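Notes follow the structure.
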Amino acid sequence: LFFAGLVLVASFFRIEAAEASIGFEASVVFGAIILFHSAAIALTSVAIGTLLYAVYLFLRQKNVRLEPVCNGAQLALCYAIAARLYTSAVAPGAPLMAKVSGYILLLVGYLIFHLLLVSLRRWFEDDADPLDFRRVLMAQGRALILGSPVAGIEIMLFSTYGIAGFTLAVLPLLLVAYAIRTESEMQTQNSDLVRRNRELSILTESSTQI
């Protein structure tokens, strides 16, 4: 439940952009996978955290939609498969360099399974628009690179201070996530404002010509 709570908190800072959405829960989940060497903890923490966030969206918007639940299930499955890949390749008592190599395998596995699940979902939903693999990889890659140092700090602090140390390591990432989300929202608002001004300008020119 502790890791599910952190996933829930990270969900509030998620930047929605369809398949290229950027989440900040990766460092929490990857840190938990390496610490406890378990795919089940990845599955349960992400599933519970994202489900609670979906319930929050239902209550706030007063509109029951399946999309947040499907997105959460997709994330949970993706992390669980990547975690299973990691636990199969790296022994629980493996030396540091083996765990570093395993972490790289975890990142690559997550990216591959994320793209695979996104593609399968679009196929089942009969979405004819082509998937921009480069855009998805760039968005996910930035989030994973940002969260990787945090995962290392989480592991080090957890060994010394336990849950309090793990939480302390996550806080700077949440602050960065808040800043990135705020900047993204401002850019979206500016783009909408420019678009509306352009439309108004076109309407003004048309009315003048008439």
Among what's in the range 169-186 and is modelled with pLDDT of 65 or more and not hydrophobic (A, V, I, L, M, F, W, C), pick the residue that is least open to solvent (accessible area, probe 1.4 Å). T182
So E125 fits all but one of (1) of a type in the set (D, E); (2) modelled with pLDDT under 80; (3) surrounded by 11 or more Cβ atoms within 10 Å (Cβ to Cβ); what number is the exception? (3)
If I ask for residues that are assigned to a loop (DSSP other than H, G, I, E, B) and crowded, with 24+ Cβ neighbours inside 10 Å, which ones from the range 24-48 would you list? F24, E25
Picked from the range 82-97 (must be assigned to a helix (DSSP H, G or I) and open to solvent by 40 Å² or more (accessible area, probe 1.4 Å)), the residue modelled with the lowest pLDDT is L96
Give the number of residues within the range 6-21 that are modelled with pLDDT of 75 or more, in contact with a helix residue (DSSP H, G or I) (Cβ under 7 Å, 6 or more places away or on another chain) and not hydrophobic (A, V, I, L, M, F, W, C). 1
Scan the range 139-152 and give yes if some residue there is open to solvent by 60 Å² or more (accessible area, probe 1.4 Å) and outside any helix (DSSP H, G or I), otherwise no. no
In the range 52-65, anything part of a helix (DSSP H, G or I) and surrounded by fewer than 19 Cβ atoms within 10 Å (Cβ to Cβ) is listed as L52, V55, Y56, L57, F58, L59, R60, Q61
Does L6 fit the bill of being open to solvent by 20 Å² or more (accessible area, probe 1.4 Å), within 23 Å of I153 (Cβ to Cβ) and in a helix (DSSP H, G or I)? yes
Under 8 Å between Cβ atoms, which residue pairs at least 6 apart in sequence (or on different chains) link something in the range 145-170 that is under 14 Å from L6 (Cα atoms) with a partner that is of a type in the set (D, E, K, R) and assigned to a helix (DSSP H, G or I)? G165/E154; F166/E154; A169/E154; V170/E154
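The values are calculated or read from the model by the stated rules, or taken from the named source; none is laboratory data. On a predicted model such as this, the values are computed, not experimentally measured, just so you know. Ideal geometry is used to build each Cβ from the backbone, glycine not excepted, and the neighbour counts take in all protein chains shown. Ligands, DNA and RNA are excluded from the accessible area calculation, which covers all protein heavy atoms including side chains. Shrake-Rupley method; radii C 1.70, N 1.55, O 1.52, S 1.80 Å.
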